[in-house]
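Structure first, then comments.
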Amino acid sequence: MKLEYIGHSAFAFDVKGRTILIDPFISQNPLANFDWKNHNIKNILVTHGHGDHLGDAIEIAKSKYATITATFELANYCARQGASTNPINLGGKISFEWGDAWFVPAKHSSSTPDGGYAGEAAGIILNIDGLRIYHAGDTALTAEMGLIKDIYKPQIALLPIGGHYTMGVDEAAIASKILGVEKVIPMHYNTFPAINVDVNAFKYKVETYGIESIILRP
Ligand code: NI
Ligand code: MN
C-alpha cells in the first residue's frame, strides 16, 4: 500500500493496482499537483460537503466510473449530479475489495456546494490489510477520539492542525495522544492564510508524547 499526500486533506491510497481517494480537493487546491486521470480510481471517500473536501469528487467519479462514499445526504447530492454513490452514515462500516471503512463522528459542520443540508461531518477509519488509518476530516478536538482509540485502535492518524476551521496545533497534538497512535500525519494547514501554522511546533509537541510525526510535502 502506498499513501500519497495530495495537499490540504486530500490523500491517495494505492492498493493492489487501484487508487482510493479521500477528500479529493485538487483542481482548486493551490498545493496540489496530482494527475488523477493517470490513476485507476475505484472509490472516493468524502468526509463532508465543504468545497475543500468534496473537491473534484463528482467529476472524477463520473469520469472514472468510481463510487463516492459519503454520509447519506451528501451522497444523495452527488447522485443527483450523476455520480454513483454508497450512502453511509456515522457508526457505519462499508467493505470494499481492498479493505474496510468506518464513518465516525467529527465535530464540524457540513453543507452541499449549493448550501443545502449535507448531513453530519465525518471522520473515516480505514482498515487495509490490518493497517488502521484514521482520517479525521475537519474536526475540533473531541472526547470521541478516546472511543476511536478503544474501538478501532488506529496506528496512524491524519489530523487537521490548521486551526480557524478545525482544531489547531495544540489540540491536534493532544488528539494524537488521546488516539494512542504510533504515527501522525498533519493535514489541513498552510493551504490558505487563515490556516497557516508552524508545522514544526506540531512535530515538537507530538514528539514530547513519544509519537512520530511525518510531515509530508504535497
Ligand atoms: Ni469543512
Ligand atoms: Mn476544510
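The values are calculated or read from the model by the stated rules, or taken from the named source; none is laboratory data. This structure is a prediction, so every number in the text was calculated from the model and none was measured. Glycine also receives a Cβ, built like all others from the backbone with ideal geometry; neighbour counts cover every protein chain displayed. Ligands, DNA and RNA are excluded from the accessible area calculation, which covers all protein heavy atoms including side chains. Shrake-Rupley method; radii C 1.70, N 1.55, O 1.52, S 1.80 Å.
Details
- In the set Lys2, Lys64, only one residue is without any contact (Cβ under 8 Å) to a residue 60 or more places away in the chain, surrounded by fewer than 16 Cβ atoms within 10 Å (Cβ to Cβ) and not polar (S, T, N, Q); that residue is Lys2.
- Residue count, region 77-88 (criterion: surrounded by 18 or more Cβ atoms within 10 Å (Cβ to Cβ) and over 17 Å from Val104 (Cβ atoms)): 4
- Evaluated against (1) away from ligand 1 (no atom under 16 Å from the Cβ); (2) touching a helix residue (DSSP H, G or I) at 6+ places or on another chain (Cβ under 7 Å); (3) open to solvent by 10 Å² or more (accessible area, probe 1.4 Å), Pro105 falls short on exactly one condition, (1).
- Filter result (within 16 Å of ligand 1 (Cβ to nearest atom) and among the small types (Gly, Ala, Ser)) within region 33-90: Gly49, Gly51, Gly55, Ala57, Ala70
- Some residue of region 171-194 being in a helix (DSSP H, G or I), among the hydrophobic types (A, V, I, L, M, F, W, C), within 16 Å of ligand 1 (Cβ to nearest atom) and over 25 Å from Ile20 (Cβ atoms): yes
Residue by residue, here is whether (1) farther than 24 Å from Ile195 by Cβ; (2) out of contact with any Phe, Trp or Tyr (no Cβ under 9 Å at 6 or more places or on another chain) holds:
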site	(1), (2)
Arg18	yes, no
Ser27	no, yes
Lys42	yes, no
Thr47	no, no
Ala70	no, no
Asn76	yes, yes
Ser110	no, no
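- Only listed residue being of a type in the set (Ser, Thr, Tyr) and either crowded, with 24+ Cβ neighbours inside 10 Å or closer than 17 Å to Pro186 by Cβ (or both), chosen from Thr112, Thr139: Thr139
- Against the numbered list (1) within 26 Å of Ile58 (Cα to Cα); (2) among the polar types (S, T, N, Q); (3) open to solvent by 10 Å² or more (accessible area, probe 1.4 Å), Asn200 comes up short only at (1).
Results for (1) at pLDDT 95 or above; (2) under 14 Å from the mean Cα position of the chain (by Cα); (3) part of a strand (DSSP E or B); (4) aliphatic (A, V, I, L, M), shown as yes or no for each residue.
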{"site": "Thr69", "(1), (2), (3), (4)": "yes, yes, yes, no"}
{"site": "Ala75", "(1), (2), (3), (4)": "yes, no, no, yes"}
{"site": "Gly82", "(1), (2), (3), (4)": "yes, no, no, no"}
{"site": "Trp102", "(1), (2), (3), (4)": "yes, yes, yes, no"}
{"site": "Thr139", "(1), (2), (3), (4)": "yes, yes, no, no"}
{"site": "Gly146", "(1), (2), (3), (4)": "yes, no, no, no"}
{"site": "Lys149", "(1), (2), (3), (4)": "yes, no, no, no"}
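- Selection within region 125-136 - more than 19 Å from Tyr189 (Cβ to Cβ) and within 14 Å of ligand 2 (Cβ to nearest atom): none
- Total residues in region 15-43 satisfying the condition of being away from ligand 2 (no atom under 16 Å from the Cβ), closer than 25 Å to Leu74 by Cα and part of a strand (DSSP E or B): the figure is 6.
- Within region 177-188, being touching a Ser or Thr at 6+ places or on another chain (Cβ under 9 Å) and buried (at least 24 other Cβ atoms within 10 Å of the Cβ) holds for Val184, Pro186, Met187, His188.
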